[in-house]
1. For the range A:27-44, name all the residues that are within 8 Å of chain B (Cβ to nearest Cβ) and open to solvent by 30 Å² or more (accessible area, probe 1.4 Å).
2. Looking at the range B:420-431, which of its residues are touching a residue at least 60 places away in the same chain (Cβ under 8 Å) and open to solvent by less than 40 Å² (accessible area, probe 1.4 Å)?
3. Limited to the range B:169-212, what total is found for residues that are of a type in the set (Asp, Glu) and in a loop (DSSP other than H, G, I, E, B)?
4. With the requirement that a residue be outside any helix (DSSP H, G or I), within 14 Å of another protein chain (Cβ to nearest Cβ) and modelled with pLDDT under 80, what does the range B:346-380 give you?
5. Among the residues of the range B:1-33, which ones are farther than 19 Å from residue B:107 by Cα and away from every other protein chain (no Cβ under 14 Å)?
6. Would you pick out the residues in the range A:77-103 that are under 24 Å from residue A:224 (Cβ atoms), more than 16 Å from the chain's Cα centre (by Cα) and not hydrophobic (A, V, I, L, M, F, W, C)?
7. Residues being in a loop (DSSP other than H, G, I, E, B) and closer than 14 Å to residue B:269 by Cβ: count how many of those fall in the range B:573-613.
8. Based on what the data block shows, is residue A:79 at pLDDT below 95 and either under 20 Å from residue A:99 (Cα atoms) or within 13 Å of chain B (Cβ to nearest Cβ) (or both)?
Amino acid sequence: MKIRVRFSKTGNMKYVGHLDTMRYFQKAVKRAGLDIAYTEGFSPHPVMSFALPLGVGVTSEGEYMDIKVNSSLSSAESVAALNRVMTEGFGVSDYVRLPDDSKTGMTLVFAADYTISVNEEGSFIPPKDIWEGIETKFWQDSETIEAVKKGKHGETLMDIKPLIYFIKSEYNSDNPVRSKLYMRLAAGSRNNLKPDLVIEEGLKFFGLAFDRCDFNIHRTELLNESLVPLKDLGEII
Amino acid sequence: MSKRALPDKILMQVDKSARYIGNELNSVIKDPSEVDVRFAICFPDVYEIGMSHLGIQILYDMFNRRDDVYCERVYSPWTDLDALMREKDIPLFALESQDEVRKFDFLGITLQYEMSYTNCLQILDLSKIPLLANERDESFPLVIGGGPCAYNPEPLAMFFDMFYIGEGEVVYDRLFDLYKEHKHKGYHKKEFLLDAANIPGIYVPELYSVNYNNNGTVNSFFPKHDGIPFKIRKQVLTDMNSASYPVKPVIPYIQAIQDRMTLEILRGCIRGCRFCQAGMIYRPLRERNPEILKEYAKEMFRSTGHEEISLSSLSSSDYTCLKEVVYFLIDEFQGKGVNISLPSLRIDNFSLDVMSKIQDIKKGSITFAPEAGTQRLRNVINKGLTEDDIIGGATECFKGGWSKIKLYFMLGLPTETEDDMKGIPILANELAKAYYDTVPKEERTGKCQITISTSFFVPKPFTPFQWAVMYKPEEYLRRAGIVNDTMKEQLNRKSMKYNWHEAYTSVLEGVLARGDRKVGQAILNAYKSGCMFDSWTDSFDFSKWEKAFSDAGLDMDFYTTREREEGEVFPWDFIDIGVTREFLLKEWHKAMKEEVTPNCRQKCSGCGAAVYKGGVCLEDKG
């Protein structure tokens, strides 16, 4: 039976790369005692696929992996079993059964939600007009947003405006470093936009340089084409 | 969120930052304020190499079983982070608490290979601990070395406060208890070291003097004070079943070089290959009870969920309960997504049966280590593997479906002639011929693949070859050239491939392996001129080492190409490994006469290891 697991990766675990995260969960499902199905051959691996890689340095509470199991306990018991074997920074929030004919998270993912905040280890203090301007002048009012996008085939200049579904700014006047930006961006194998690039272009629009380490980037959810969170495509057992 | 020594700005810049954040599965978290002893255990190389080492896992687990000790891990920051830490003045930290190493009570460094010596200095330097032992007062950690290279600690004597000679399981408890006692009554480093020097296996270099002859060799070696032992006796775990075992090993996030669970089935070796240091210093051979091993395997799987398990030993085929344990692992783990890896097995019906069950024959290869190209030279080194064994074994593999063979040899062994060098590709050619004779054309999937690898022989202390000469780098390369040229003349040359090691690295390894105290200055010079990660081809710079030696007024040839007298006092002679110098010399003479010595199970040769009253020495030889 097909299962979708939603998990978080926070704190220092943002430095664990995508491949290492996969290896981590391959072991974790065994420690948790899940009745996982294995691939055939001399090096059997748990049948497992991840919806969307998370960049090094990015935290998340909305990561997804799809697994195949031969049998399963209830969702609540399975979440508890997985959380018992997690290291600090990893946590499992959901465990749902998918219809047998459902597509993998990797195929379905269409958009990703991010929260951007200011890294207190840095020295960046966001000015109000710029922070709010990223939502209004940079995103809403621009016809096109030209940016150099790094892809598999080198760098291409393209219009990223259609890949930004929304940007919402929340400025904290009492404590500007507590300000936040919320954004929903195209994600998945067809179109994928990294939040770093959006912030970089947004700051550049106002003549500011971008330093990645000035910001915390946190992914909150992955959604399908109908903008439904991937976990809601399965049922709790 | 847990503590972190490095800010985002640095972690985002360096390669594989997960090396530096700790928090791995099964790593131990304690409150440092609630322990008496903080021990930083260090493997002086990059994280993914150090994390593959079983010895560190054993000690880490054992130390942390004590409530009053908190043991944390330290590895060499890779060159990118090393540069940033120096530039930004960030001190080296231990992974678990992310606290500065400098605050610890002990810094224990494992000495697994000579080419890591400059990295020991990197660790001290980045920790802001003075490099020289006599410049460190009570405010610094006590620096202790252990591991195989500690069997000749002299080149590192000026940097370490203590060395531990032997297997870590045995006397660390006594050392910790003594330290607590001293800490309780007011810790003075000198007083502590005087007491520590009386714990068996502990060597405090500062308490000993060396006198040299005019020709530079050691004249005498003696304690500076009364009541300090003349000889340091290797400490051995007599009963392998009584020790603790790391059944909850720390599992790294990034992939370690050896990414697997390890089951140590035995320690020591009965074979007595005359070049092999491990075969002598770990005598006598001692086995673990198979029932205990089965429990360990199950528990390790529960605690790690690992996808591979491997047996660890110097020669797995010499383990008397091998079949029982291997078939247990296959039964237990098949269907649980766990691969089984079996290194150092001799080829026989049993191993072929097992291999066919656990390995993809089409992809897998079989390894033989004849070590020398002719029977004559194999007799010299006492490698009891005959040409018939090799060709017969390989033929069985070919029948079983394998077509890839790896062969390991050494060049530069004592008495080696051109015939011995040429014998290497000639033997490989015979194996290829055996393949084409054995496997009918229609069953072949292309050519067979015979890969020859040669390393250059480096004489090590406490082996019968400790008297052997080494050669100049050019001479090693000439010998590799002969192997290469001869290979090209072989009929089956297209089925063969040849790799050889770096010659300059081997020469330096030889200098450090049989070095004396004077070599310490050269190591210091080399480090100060920028040498580090010498075991990595990209960072190894022989010319810096040459200068380091000449600046120290030393000649590398003294340690390598010089003929050693039979009666010469060696820098490591003050260590007693059980195996006697008389036995080693007898073996050296037998080597020159091309005579073989039977293994411990065939006949006891009276090597001296029986003083430990354990393992194979107590077995009934019928």
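1. A:31, A:38, A:41, A:42, A:43
2. Let us first name the residues in the range B:420-431 that are touching a residue at least 60 places away in the same chain (Cβ under 8 Å), namely B:421-422, B:424-426, B:428-429.
Once the filter is applied, which keeps residues that are touching a residue at least 60 places away in the same chain (Cβ under 8 Å) and open to solvent by less than 40 Å² (accessible area, probe 1.4 Å), the range B:420-431 yields B:421, B:424, B:425, B:428, B:429.
3. Let us first name the residues in the range B:169-212 that are of a type in the set (Asp, Glu), namely B:169, B:173, B:177, B:181, B:191, B:195, B:206.
Next cut, in a loop (DSSP other than H, G, I, E, B) only: B:169.
Residues in the range B:169-212 being of a type in the set (Asp, Glu) and in a loop (DSSP other than H, G, I, E, B): 1 in total.
4. First, the residues of the range B:346-380 that are outside any helix (DSSP H, G or I): B:346-348, B:359-374.
After this cut, where a residue has to be within 14 Å of another protein chain (Cβ to nearest Cβ) as well, the list is B:359-365.
Selection gives B:359, B:360, B:361, B:362, B:363, B:364.
5. Residues satisfying the conditions do not exist here.
6. Correct list: A:78, A:95, A:97, A:99, A:100, A:101, A:102, A:103.
7. Quick first cut of the range B:573-613, residues in a loop (DSSP other than H, G, I, E, B) only: B:573-574, B:578, B:580, B:593-608, B:613.
Restricting the remaining residues to those that are closer than 14 Å to residue B:269 by Cβ gives B:578, B:597-602, B:605, B:607.
Of the residues in that region, 9 qualify.
8. On the way: at pLDDT below 95: no; either under 20 Å from residue A:99 (Cα atoms) or within 13 Å of chain B (Cβ to nearest Cβ) (or both): yes.
No, not satisfied.
The values are calculated or read from the model by the stated rules, or taken from the named source; none is laboratory data. The structure presented is a predicted model; accordingly, all values stated were derived computationally and were not measured. No Cβ is skipped: glycine too gets one built from the backbone with ideal geometry, and neighbour counts run over all protein chains shown. Note: areas computed on protein heavy atoms with side chains; ligands, DNA, RNA excluded. Shrake-Rupley method; radii C 1.70, N 1.55, O 1.52, S 1.80 Å.
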